[in-house]
Amino acid sequence: MTELTLYTFDWVPEPPRGYVRDIRIRWALEEAGLPYRVEGVPFENRDAEHFAHQPFGQVPWLTDGDLSIFESGAILLHLGERSDVLMPTDRQGRNDAKEWLFAAFASVEAASQPWSFYKFMGDTDETPMRTFLEGFVAARLKHMDAVLEKREWLAGSFSIADIMMSDVLRLIDRFDGLADYPACRAYLTRATARPAFAKAHADQMAHFAAGDAARAA
């Protein structure tokens with residue numbers, strides 16, 4: 001089996017800690033029990049090597065032998081194809097997992113990410129765009145709540161779709177955006193109670209704490 005290496009920033013400021021998207025990959029790797037190592041890359045002064053692997057200068061990316069993959073959704077799909085723990089084995093289940101993986105970032109996160117920028121900045125001005133985004137997120141959550149009322153996991157068994165969707169919902173919940181969507185919140189509680197998530201979260205926080213120590217030295 002080829003070596004898996006996950007690349008993330010060596011340090012980030014406090015606000016995004018616990019939410020940097022390498023947590024999605026850490027979580028999947030822990031669920032699957034795949035051995036991997038983590039390498040930090042500079043948060044500041046991102047070099048040409050960084051952009052060669054991630055054209056937008058973001059994280060994460062993953063190397064699997066001589067293969068380099070960026071974007072968390074693409075990495076999750078790659079890992080799902082490596083491990084039956086992360087994807088159902090039947091044709092319908094695999095199809096469902098892929099659909100919901102893409103729905104998480106193309107339908108739900110497309111609404112929640114710009115909405116979260118207002119929240120992070122503490123911007124409370126009632127502008128037309130702010131009003132639009134509040135309605136956009138609410139519409140997506142209304143549909144997700146109806147789906148999640150009827151199922152434990154999106155593709156039957158826990159899969160990469162649940163890692164992606166629950167991580168998207170986690171950021172919304174950070175700003176209490178799930179208060180009116182009990183099925184979404186219960187689903188998120190189930191997902192984040194999994195030991196693999198707890199380890200992924202703790203490891204990410206420890207990684208950035210080590211970055212603090214290195215900067216202070």
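Brief remarks on what is shown
- Residue that is farthest from E3 (Cα to Cα), among those in region 20-79 that are crowded, with 20+ Cβ neighbours inside 10 Å, in contact with a strand residue (DSSP E or B) (Cβ under 9 Å, 6 or more places away or on another chain) and charged (D, E, K, R): D22
- Answer from A74, A97, A104 - the residue that is small (G, A, S) and without any contact (Cβ under 8 Å) to a residue 40 or more places away in the chain: A74
- Hits in region 123-152 - residues which are outside any helix (DSSP H, G or I) and over 24 Å from E99 (Cβ atoms): D123, T124, D125, E126, T127
- Entirely in region 156-217, the helices (runs of 4 or more DSSP H) that have 1 or more residues that are under 19 Å from E30 (Cα atoms) and open to solvent by 40 Å² or more (accessible area, probe 1.4 Å): 182-192, 195-216
- The one condition in (1) polar (S, T, N, Q); (2) part of a strand (DSSP E or B); (3) open to solvent by 40 Å² or more (accessible area, probe 1.4 Å) that T8 fails to fulfil: (3)
The values are calculated or read from the model by the stated rules, or taken from the named source; none is laboratory data. Just so we're clear, the structure is a prediction, and the values are computed from it rather than from any experiment. Don't worry about glycine lacking a Cβ; one is built from the backbone with ideal geometry, like all the others, and counts go over all protein chains shown. SASA here: full protein model, heavy atoms, side chains in, ligands and nucleic acids out. Shrake-Rupley method; radii C 1.70, N 1.55, O 1.52, S 1.80 Å.
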